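Below: one structure, written as structure tokens.
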Amino acid sequence: MKIIAFGASPSKNSINKKLATYAANLFENAEVEVLDLNDFQMPIFTVDIEEEIGQHELAKAFLAKIAATDILVISMAENNGNFSSAFKNIFDWCTRINAKVFQEKPMLLMATSPGARGGGNVLAIAKNAFPFYGGNIKATLSLPSFDANFDIVNGKISSPEIDNQLKEIIKNFSIV
């Protein structure tokens, strides 16, 4: 089973990438590939640029990664209550090639932030929007107060309650 995981943030120290990586590696017998959004930097999407250069090769590569996976593990970064601009730009380029960006792949959708809401706003936006773009969301998880609930040194959730919740989600995760 192949899993693509990423944090929807371009930060080199993305807390969402850390959470997505941890969650993806909890799946048994899985080959995990963690994507870095910095590998998919494209000009800001406009129809004018699209008309000039056509479909961007990095958008095609991003879609190919999704096509080649069995499960998506995505942790959304919240910037001012919404998607990060880096994720939104990749998403915009990809929708012009395939409106069903997520290609009906089973998805674990998460978010975290330093605050007590744990990226709740962006998680709600993604949960409502992604099904229109081929997102087959099987489960969601918000990790509040990242610094208090995630052990950076060991790369795992430090709150036993939330960690058990995530492990239960993964144990019952269905790819059907």
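The values are calculated or read from the model by the stated rules, or taken from the named source; none is laboratory data. Fair warning: this is a prediction, and the values are worked out from it, not measured in the lab. Note: ideal-geometry Cβ built from the backbone for every residue, glycine included; neighbour counts use all protein chains shown.
Numbers below:
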read-out	value
Meets criteria (at pLDDT 95 or above, of a type outside the set (D, E, K, R) and closer than 19 Å to Asn121 by Cβ) for Gly81	no
Meets criteria (buried (at least 16 other Cβ atoms within 10 Å of the Cβ) and either touching a residue at least 24 places away in the same chain (Cβ under 8 Å) or under 18 Å from the mean Cα position of the chain (by Cα) (or both)) for Asn128	no
Unmet requirement for Gly118, which otherwise passes all of (1) under 15 Å from Ala20 (Cα atoms); (2) free of Cβ contacts under 8 Å to residues at least 60 places away in the same chain; (3) outside any loop (DSSP other than H, G, I, E, B); (4) not hydroxyl-bearing (Ser, Thr, Tyr)	(3)
Where a residue in the range 17-36 is within 16 Å of Met107 (Cβ to Cβ) and its partner, wherever it lies, is in a helix (DSSP H, G or I) and not hydrophobic (A, V, I, L, M, F, W, C), with Cβ under 6 Å and at least six apart	Val34/Thr21
Answer residue from the range 65-93, given it is closer than 18 Å to Pro106 by Cβ and of a type in the set (A, V, I, L, M, F, W, C) and is surrounded by the most Cβ atoms within 10 Å (Cβ to Cβ) among those	Met76
Subset of the range 1-34 (residues that are in contact with a Gly (Cβ under 9 Å, 6 or more places away or on another chain) and of a type in the set (A, V, I, L, M, F, W, C))	Ile15, Leu19, Ala20, Val34
Per-region count, the range 156-172, residues among the charged types (D, E, K, R) and in contact (Cβ under 8 Å) with a residue 24 or more places away in the chain	2
Enumeration of residues in the range 24-57 that are exposed (fewer than 12 other Cβ atoms within 10 Å of the Cβ) and among the small types (Gly, Ala, Ser)	Gly54
All positions within the range 135-155 that are among the charged types (D, E, K, R) and either surrounded by 18 or more Cβ atoms within 10 Å (Cβ to Cβ) or in contact with a Leu (Cβ under 9 Å, 6 or more places away or on another chain) (or both)	Lys138
Residue selected from the range 55-75 under the condition of a type in the set (D, E, K, R) and more than 15 Å from the chain's Cα centre (by Cα), by the criterion farthest from Asn29 (Cα to Cα)	Glu57
